[in-house]
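*Asks:* Quick one: this structure, given as structure tokens, is what I'll be asking you about.
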Amino acid sequence: MTHTPHELAEEFPEATGTIHRLKTESAHFARLAEEYHKVNREIHRIEAEVEAASDQRSEILKKERLALKDEIAQLLNDAS
């Protein structure tokens with residue numbers, strides 16, 4: 001299996017403990033993290049040309065990933 005870039009632990013290396021804690025303590029955070037993971041994997045499959053997608057679909061996914069990342073960043077900031 002190839003390494004998928006943009007995983008949460010890679011995006012927020014200073015917050016791996018907080019990410020783990022929030023996943024267990026907050027159902028909302030756990031859902032966001034799961035959704036981020038799902039979208040990120042789909043983008044990775046498209047970029048690796050494992051999955052075909054239109055440029056528009058790819059852009060929509062990237063915007064969705066960014067919005068999820070922003071919300072996760074805010075929650076991590078609030079939790080620290």
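The values are calculated or read from the model by the stated rules, or taken from the named source; none is laboratory data. Note that the coordinates shown come from a computational prediction; the quantities given were computed from them, not determined experimentally. Cβ: placed from backbone, ideal geometry, glycine included. Neighbour counts: every protein chain shown.
*Asks:* Quick one: is residue 68 of a type in the set (A, V, I, L, M), buried (at least 17 other Cβ atoms within 10 Å of the Cβ), over 11 Å from the mean Cα position of the chain (by Cα) and at pLDDT 95 or above? Please lay out each step first, then the result.
*Replies:* Working: of a type in the set (A, V, I, L, M): yes; buried (at least 17 other Cβ atoms within 10 Å of the Cβ): yes; over 11 Å from the mean Cα position of the chain (by Cα): no; at pLDDT 95 or above: yes.
Criteria not met by residue 68.
*Asks:* Can you list residue pairs whose Cβ atoms sit under 8 Å apart, with the first residue in the range 39-53 being within 13 Å of residue 64 (Cβ to Cβ) and the second being among the acidic types (Asp, Glu) and in a loop (DSSP other than H, G, I, E, B)? Count only pairs 6 or more apart in sequence or on different chains.
*Replies:* These pairs meet every condition: 40/7; 42/51.
*Asks:* For the range 24-42, name all the residues that are closer than 16 Å to residue 10 by Cα and of a type in the set (Val, Ile, Thr).
*Replies:* Result: 39, single match.
*Asks:* Can you confirm whether the range 61-77 contains a residue that is of a type outside the set (S, T, N, Q) and assigned to a loop (DSSP other than H, G, I, E, B)?
*Replies:* Initial filter on the range 61-77 (of a type outside the set (S, T, N, Q)): 61-73, 75-76.
Remaining after also requiring assigned to a loop (DSSP other than H, G, I, E, B): none.
Among the residues of the range 61-77, not one is of a type outside the set (S, T, N, Q) and assigned to a loop (DSSP other than H, G, I, E, B), which makes the answer no.
*Asks:* Right, another one. Tell me which residues, restricted to the range 46-59, are in a helix (DSSP H, G or I) and touching a Ser or Thr at 6+ places or on another chain (Cβ under 9 Å).
*Replies:* Of the range 46-59, the ones in a helix (DSSP H, G or I) are 46-47, 55-59.
Within the range 46-59, 46, 47 qualify.
*Asks:* Would you check which residues across the range 37-54 are in contact with a helix residue (DSSP H, G or I) (Cβ under 6 Å, 6 or more places away or on another chain) and among the small types (Gly, Ala, Ser) and list them?
*Replies:* Listed by number, the list holds a single entry, 53.
*Asks:* Next question. Taking the range 16-48 as the search range and keeping residues that are within 14 Å of the chain's Cα centre (by Cα) and hydrophobic (A, V, I, L, M, F, W, C), which one is farthest from residue 76 (Cα to Cα)?
*Replies:* For the range 16-48, the residue satisfying everything is 43.
*Asks:* Tally time: how many residues in the range 9-36 are touching a helix residue (DSSP H, G or I) at 6+ places or on another chain (Cβ under 7 Å), surrounded by 11 or more Cβ atoms within 10 Å (Cβ to Cβ) and not in a loop (DSSP other than H, G, I, E, B)? Even if it seems obvious, please write down each step before you answer.
*Replies:* To start, the set of residues in the range 9-36 that are touching a helix residue (DSSP H, G or I) at 6+ places or on another chain (Cβ under 7 Å) comprises 9, 11-12, 15-16, 18-19, 22-23, 29-30, 32-33, 35-36.
Remaining after also requiring surrounded by 11 or more Cβ atoms within 10 Å (Cβ to Cβ): 11-12, 15-16, 18-19, 22-23, 29-30, 32-33, 35-36.
Now restrict to residues that are not in a loop (DSSP other than H, G, I, E, B): 11, 15-16, 18-19, 22-23, 29-30, 32-33, 35-36.
The total comes to 13.
*Asks:* Hey, residue 51 hits all of (1) crowded, with 17+ Cβ neighbours inside 10 Å; (2) more than 11 Å from the chain's Cα centre (by Cα); (3) not polar (S, T, N, Q) but one; which does it fall short on?
*Replies:* It fails just one condition, (1).
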